[in-house]
1. Kindly put PHE236, PHE309 in sequence by how many other C-beta atoms sit within 10 Å of each C-beta, fewest to most.
2. For PHE250 and LEU33, FRET efficiency with R0 = 56 Å and r from the beta-carbon atoms, rounded to 0.05?
3. Between VAL343 and ASP186, what length comes free when the chain is fully extended (0.36 nm per residue of separation minus the Cα-Cα distance, one decimal in nm)?
4. Treat the count of other C-beta atoms within 10 Å as a stand-in for reagent exposure and order TYR279, TYR297 from fewest to most.
5. Give the residues of the stretch 320-342 whose amide nitrogen is closer than 15 Å to a point set 7 Å from the Cα of TRP311 in the direction of its Cβ.
6. Expected output is a single nm value to one decimal: the length gained when fully extending between LEU120 and ALA134, i.e. 0.36 nm times separation in residues minus the C-alpha distance. What is it?
7. Can you tell me how much longer the chain between LEU330 and ARG169 gets when fully stretched, taken as 0.36 nm per residue apart minus their C-alpha distance, in nm with one decimal?
8. What are the ³J(HN,Hα) values, in whole Hz, obtained from phi via the Karplus relation 6.51 cos²θ - 1.76 cosθ + 1.60 with θ = phi - 60°, for each residue of the stretch 163-178 in sequence order, with x given for Gly and Pro?
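Please treat every number below as a calculation from the coordinates, not as lab data. Only a predicted model underlies this, so the values are computations on that prediction, with no experimental measurement involved. Note that each Cβ is placed from the backbone with ideal geometry, even for glycine, and that neighbours are counted across all protein chains shown.
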Amino acid sequence: MQAFQSLARDVETAIASGGGAKRADTLRQLTTLFIEQAPQLGEDHVAVFDQVIARLASEIEFRARVELSARLAEVPNAPRRVIGELARDSAIEVARPVLERSPRLGEAELVEIAGAGGQLHLLAISGRADLTPAVTDVLVTRGDGAVVRKVAANDAARFSDQGFGTLVRRAIEDPALEELLGRRTDLPQHSMKALVTLAAERVRRDMGGRGVAEADLLEAAVAAGAESAARDSICFVLPSDIEAALPGVFAAASRFGEREVAQMLKERRLAEALAGIAYLASLPAETISQAWAAPHYDPLLFLARGLRFGWPTFKLMLEARIGTAPPGALLREAFANFEALTVPTAQRAMRFVVARGRIGPT
């Protein structure tokens, strides 16, 4: 510790001299010494460094504090007091490195900082890999849109039921947050149900008085099952048949698109056509099979519009599905609904058709 003792004396000299450059240089040397020795230091020795670095850090200028924060952010046994003071610095440039990465910040400190800090401080915390429900509860309550979206996208963040409930409520006016929540694998069943209801309500608002029974569109996608398959077995295509056809689609991926799907529908190569739709939509074979066998054509409408298929291709889907030309009244209704449904709405709603399928019938 001889080098440390020498630097400690330099600290006193630097502080007494009042020179900013001298203080910054002394701090830089002291920090370098600590980082080099950190793997061998016990907590008692770290506490000594903590006391000296903290005293010097309180006397240095902004740029030197930013540098100190960046250098100590990922040190596993960094001085706790120094890390805490850096994390609470009102300047986000100083606080950000340790808020984002320092393992020395515990749950209690993070809760405190999240409860009192500005939005940029909350944003920095939101990307941490060790966020507990106690911390995320504060983030989703106090955070602005950028904060809640970042923490919702953080796969390592854990949430309480209350936290998930807050996120779902905030997603009412935030489609991007709604989408992020739909991707989480840890979303509780009751929150997923609430999210799907929210998606249906959003579709209802988006489509306004344009004549599409949007509240039923999502439900139709999950109403398919053994009963509907038995009732309409001639049109039913097993998920395993679709999966078996996927290798051929993958082999032709570079030249596969709507035209190829349409040709397969014309030739009644249904498993291949549905495999092509599954590939283009990036959806599981089971979801496509359910949509095909659903009691109403609404799920197929979402698929067609979401994939930007034209009306002729959607018409072919309707014909292939029932094995004959649809009645004129049905075609007129389907065409009106096809025209009314926008591509963005279809793409958004289909994401929640998948989500609704995950939780099963209520």
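1. The order, fewest Cβ neighbours first, is PHE236, PHE309.
2. It comes out at approximately 0.45.
3. In short, 53.7 nm is gained.
4. TYR279, TYR297
5. 328-342
6. 3.1 nm
7. Extra length from LEU330 to ARG169 when fully extended: 54.2 nm.
8. x, 5, x, 5, 4, 4, 4, 6, 6, 4, 10, 9, x, 5, 5, 4
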